[in-house]
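Quick notes on the structure that follows.
Please treat every number below as a calculation from the coordinates, not as lab data. This one's a predicted model, so the numbers in the text were calculated from it and none came from an experiment. Virtual Cβ from ideal backbone geometry, glycine too; neighbours counted across all protein chains shown.
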Amino acid sequence: MAFLTDYALFLAKSVTFAAVVIIVVAAVVSIASRQRAQGKPEIEATRINDRLRHMTRVLEGATLPKEALKKRRKAEKKEAKRRDRESGDRKRMFVINFDGDIRASHVASLREEITAVLTVAKPSDEVVVRVESGGGMVHGYGLAASQLERVRSRGIPLTVCVDKVAASGGYLMACVANRVVAAPFSVIGSIGVIAQLPNFYRFLKKHEIDYEQITAGEYKRTLTLFGENTDQHREKMQQDMEEIHTQFKEFVRGHRPGLDLEAVATGEHWLGTRALELGLVDELGTSDDLLMAASQDYDIVEVAYKPRHNVIKRITAGVGALFSRLRGDARDRHAHLLV
């Protein structure tokens, strides 16, 4: 009887576990199917005015006496009614964030965000792009700058805010704007081009390892990681770099014609205060102050492109992140022990 009881409990647990697995799988498949039916990634719009008002209400509620708070709330209701009446006349400001890496991978989202804004924006509106980037690949940042030019070509005022850094490819983007606003200690400039790579030719030769490279075209490949680099290849690579640098300078000159390019296109970078003196930026300030001041006259909307991810991939990514965190915790404990 004991055996039968244990077997029955084991069977019940197995059936329950199988049922739970089936339910979970069915739920994942259902969500994935709905997600496919819903279709493409979407644009999110957040009203910054509402966010600022909420912050104000929270702090007022914590600091004002009850009577003063009641009066303040009544005044707010009147102000809200006035805003509703004038909502059709208020100008709009669209805010986009660009957080650049070396590949300018955010350009995929930027092009969607710009397209979304251009479907509704008018010349009376304004677009603000908060750029944070130390630069990267030429073609990626060239495309990002071209996306910002789409705004300028529609006659819509474009402001770029730099809170931390807009250097090299980041400045390639920033210079497109009608107005560049930079924080005093932000890093600006670096109008130059760089390429670097190691060469393992002598190592391979020492160990008698052959490296074969076949090309068609004299300059299909110049400098290489594993082959022998020649002075001819170095010279050609230098020519290519100079050509890109020349195009970079001409692009900047076209958007900021008053700049002394001989002085600023040296590859150097400067802090915001010096960049203002050199004419690389137009104003000193943070994006926070700009948006707070603009909230009095503009309806401000932050626009973000949020790609939809496959549910199964998200679950897998979540599990992977959990294991990574656990491994990190283990490493931290071990490191503390070593200290």
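Got a sec to turn the phi values of the stretch 167-175 into Karplus ³J(HN,Hα) couplings, 6.51 cos²θ - 1.76 cosθ + 1.60 with θ = phi - 60°, whole Hz, x for Gly and Pro? Each residue's phi maps through the Karplus curve to give 10, 6, x, x, 6, 4, 6, 4, 5 Hz. Put simply, when 258-268, 287-297, 202-212 are sorted by average Cβ atoms within 10 angstrom per residue, most first, you get 287-297, 258-268, 202-212. Shape of the stretch 238-279 from its Cα gyration tensor (a ≥ b ≥ c, root eigenvalues): rounded if a/c is under 1.5, otherwise prolate when a/b > b/c, or oblate? Oblate shape, in that a/c is at least 1.5 and b/c is the bigger or equal ratio. With a Förster radius of 22 Å applied to the C-beta separation of residue 122 and residue 82, the computed FRET efficiency comes to 0.45.
Measuring nothing but alpha carbons in the stretch 96-179 and taking Rh as the Kirkwood radius, the Rg to Rh ratio lands at 0.94. Remark: C-alpha extents of the stretch 196-254 on the principal axes read 52, 24, 15 Å, sorted largest to smallest.
Could you tell me the calculated FRET efficiency between residue 73 and residue 289, based on Cβ-Cβ distance and R0 = 35 angstrom, to the nearest 0.05? The value I calculate is 0.85. Amide hydrogen proximity for residue 187: with H placed 1.01 Å from N in the peptide plane, the residues at 5 or more positions away or on another chain lying under 5 Å are 165, 166. Amide hydrogen proximity for residue 299: with H placed 1.01 Å from N in the peptide plane, the residues at 5 or more positions away or on another chain lying under 5 Å are 91, 92, 93.
Near residue 93: Cβ cut-off under 13 Å, other residues only, Lys/Arg at +1 and Asp/Glu at -1. The net charge is +2. A cut-off of 5 Å between modelled amide H atoms, ignoring neighbours fewer than 5 places along the same chain, links residue 269 with 190. Using a Förster radius of 41 Å, what is the FRET efficiency between residue 271 and residue 27 based on their Cβ-Cβ separation? Nearest 0.05, please. It comes to 0.15.
Packing, as the average of other Cβ atoms within 10 Å across residues, places the peptides 239-249, 162-172 in the order 162-172, 239-249, highest first.
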